[in-house]
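Next up is a structure, given as structure tokens.
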Ligand code: N01
């Protein structure tokens, strides 16, 4: 096909988190002319935007980092679960080591992207008035780039300060002595609550669903021991590709229902003592597929947590006798002292299932039975996961069809990367890929390698155009739904199911296995990129 005029770049990557930075490195290495842009002032993706006090990663060192030796050889972490400042420094280190800065433009938002059907390339509007063209558009926005703020009556009347955890002011917010209202008790809510409880005049935590939080078991890391452990890194990084979650180990291959009660309790206890997300991803094989197996895990979790809460009424709210949802079908978070803060005089829990918020007023929040005064309102209310950031990029494909319209009734994507009607676009870490279920760097490397290979394959054949076939897109979308139906995930109103956003189509938003995903993507490549039309 004719391809004039030539676009400015072979590829534009949008997003400087793990997936965007990895793609930039791999495509540069393969000789492509690539530009990476990001609205953020610094690389780091979620670690730029989510800089609230206490923000830290839930995957332990060295799982949450790139596998390239040139990056890890001279990098040491100070904590087992690093905080946002250290993660941001890590990203700067990565960009230094891989010499990526010349190809990155920070503080450069993509305002719109339109596919030019005559030229078979993308026209991007960067900022308010810059236009750039690119053969391939590679959004790498992460699954949580669009914060969700519930539509609460009266928010405009609030005279204090308010913010969402994922849009925390970069200059910080002083929490000392403040009367803080925190809405939401997911992973972000737990982390900010633990910090705010240290210094707030009053912290009121508004809980709709209790979080099933696991012990973090944070540790300071010794540099010498870490250096010694690096001999194992290559094996650890290979191993994480062989697991469902992209972590270093897999669930047991035995059911919770075939072992004795004592054996079950011993395994639960072992996972509990190891800390981190082990209790979620190293548990019995049927934790997330069998309700009875799941109930055993919930009961263990509940009893452990209740043992830490003296007040029985509070214990019932934080760790109810009856599970609010099957354990692990909403993302567990990690906690350090979350269950202890509620015994402090300056911390109070409001159960929104009993006393819903009626409206925000100038100086606080009115619930069904009281007014709670506050001068800082924190929304830790999550994200329009998977699709939200992509829709906000104002992407339009063939015939001017917007992605928002294409996904109005269902998010559809072939391999969780390509959408029919939107040629020459592949998104990384997006919906219907493992993203939200996966350790970030693992999926980023799997997808980044695959995208690099695909673009090299196209270049070798002098193809300028690819597009997911509608039948392949439907097949993949159905496959993700079928995989989800074999699990307990549909039983929870989670962001995994799209159920946290009013009006969002209910569907499992991620593919539930990195190793399975990687094998299917490899099959597609080995079959000449079946499911794509090329020209
Ligand atoms: O968001 P969430 P998050 N009124 O959607 C509540 C990753 N992450 O930012 O459960 C009142 O999980 C909502 O209640 P309910 C991680 O993958 C990782 O915390 O819907 N409450 C819930 O309690 C995580 O899963 C890390 O009933 C409302 C909370 O807000 C994902 O990001 C750290 C409400 C939202 O929880 C998202 O986590 C942080 C309303 N109208 C995040 N609407 C680490 O690795 C929502 N809620 C450390």
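Starting from residues that are more than 14 Å from the ligand (Cβ to nearest atom) and not in a loop (DSSP other than H, G, I, E, B), keep the ones in the stretch 321-340 and report whichever is surrounded by the most Cβ atoms within 10 Å (Cβ to Cβ).
Residue satisfying both the conditions and the ranking: 339.
Could you please find all residues in the stretch 167-205 being closer than 20 Å to residue 152 by Cα and touching a helix residue (DSSP H, G or I) at 6+ places or on another chain (Cβ under 9 Å)?
Correct list: 167, 168, 180, 182, 183, 184, 185, 186, 188, 189, 203, 205.
Another question about this same structure. Taking the stretch 41-60 only, how many residues are surrounded by fewer than 20 Cβ atoms within 10 Å (Cβ to Cβ) and more than 13 Å from the ligand (Cβ to nearest atom)?
2
Still on this structure, please answer the following. In the stretch 92-206, which strands (runs of 3 or more DSSP E) lie fully inside it and hold 2 or more residues that are under 30 Å from residue 26 (Cα atoms) and either modelled with pLDDT of 95 or more or within 14 Å of the ligand (Cβ to nearest atom) (or both)?
It comes to 110-116, 121-126, 130-139.
Here are some conditions: (1) under 30 Å from residue 345 (Cα atoms); (2) within 28 Å of the chain's Cα centre (by Cα); (3) surrounded by 21 or more Cβ atoms within 10 Å (Cβ to Cβ). Residue 275 meets all but one. Which one does it not meet?
That leaves (3) as the condition not met.
Looking at the structure I just gave you, is residue 372 over 18 Å from residue 209 (Cα atoms) and buried (at least 22 other Cβ atoms within 10 Å of the Cβ)?
no
Of all residues in the stretch 374-384 being over 24 Å from residue 108 (Cβ atoms) and assigned to a loop (DSSP other than H, G, I, E, B), which is farthest from the ligand (Cβ to nearest atom)?
Within the stretch 374-384, the match that is farthest from the ligand (Cβ to nearest atom) is 375.
So that you can scan it fast, the table gives a plain yes or no per residue for (1) more than 14 Å from the ligand (Cβ to nearest atom); (2) more than 30 Å from the chain's Cα centre (by Cα):
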| residue | (1), (2) |
| --- | --- |
| 342 | yes, no |
| 355 | no, yes |
| 369 | yes, yes |
| 372 | no, yes |
| 389 | no, no |
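Is at least one residue of the stretch 505-519 in a loop (DSSP other than H, G, I, E, B), at negative phi and surrounded by fewer than 18 Cβ atoms within 10 Å (Cβ to Cβ)?
Among the residues of the stretch 505-519, at least one is in a loop (DSSP other than H, G, I, E, B), at negative phi and surrounded by fewer than 18 Cβ atoms within 10 Å (Cβ to Cβ), which makes the answer yes.
Here is a follow-up. Which condition number in (1) surrounded by 14 or more Cβ atoms within 10 Å (Cβ to Cβ); (2) assigned to a helix (DSSP H, G or I); (3) over 18 Å from the mean Cα position of the chain (by Cα) is the one that residue 471 fails?
(1)
Kindly check whether there is at least one residue in the stretch 70-79 that is under 26 Å from residue 454 (Cβ atoms) and surrounded by fewer than 21 Cβ atoms within 10 Å (Cβ to Cβ).
Yes, the stretch 70-79 contains a residue that is under 26 Å from residue 454 (Cβ atoms) and surrounded by fewer than 21 Cβ atoms within 10 Å (Cβ to Cβ).
Looking only at the stretch 110-128, decide whether some residue is within 21 Å of the chain's Cα centre (by Cα), in contact (Cβ under 8 Å) with a residue 12 or more places away in the chain and under 26 Å from residue 49 (Cα atoms).
Yes, the stretch 110-128 contains a residue that is within 21 Å of the chain's Cα centre (by Cα), in contact (Cβ under 8 Å) with a residue 12 or more places away in the chain and under 26 Å from residue 49 (Cα atoms).
I want to confirm something. Restricting to the stretch 354-368 and keeping residues that are part of a loop (DSSP other than H, G, I, E, B) and touching a strand residue (DSSP E or B) at 6+ places or on another chain (Cβ under 7 Å), which single residue is surrounded by the fewest Cβ atoms within 10 Å (Cβ to Cβ)?
368
Another question, then. Considering only residues that are buried (at least 21 other Cβ atoms within 10 Å of the Cβ), part of a loop (DSSP other than H, G, I, E, B) and out of contact with any strand residue (DSSP E or B) (no Cβ under 7 Å at 6 or more places or on another chain), which ones fall in the stretch 385-417?
Scanning the stretch 385-417 gives 385, 386, 387, 411, 412, 413, 415, 416, 417.
Is it fair to say residue 448 is surrounded by 21 or more Cβ atoms within 10 Å (Cβ to Cβ), modelled with pLDDT under 95 and either over 23 Å from residue 117 (Cβ atoms) or in contact with a helix residue (DSSP H, G or I) (Cβ under 6 Å, 6 or more places away or on another chain) (or both)?
no
Here is a further query. Counting only residues that are surrounded by fewer than 19 Cβ atoms within 10 Å (Cβ to Cβ) and more than 13 Å from the ligand (Cβ to nearest atom), which one in the stretch 344-353 is farthest from the chain's Cα centre (by Cα)?
Residue satisfying both the conditions and the ranking: 345.
The values are calculated or read from the model by the stated rules, or taken from the named source; none is laboratory data. As the structure is a prediction and not an experimental result, all values here were calculated from the model. FYI the Cβ positions are ideal-geometry reconstructions off the backbone, even for glycines, and counts take in every protein chain you see.
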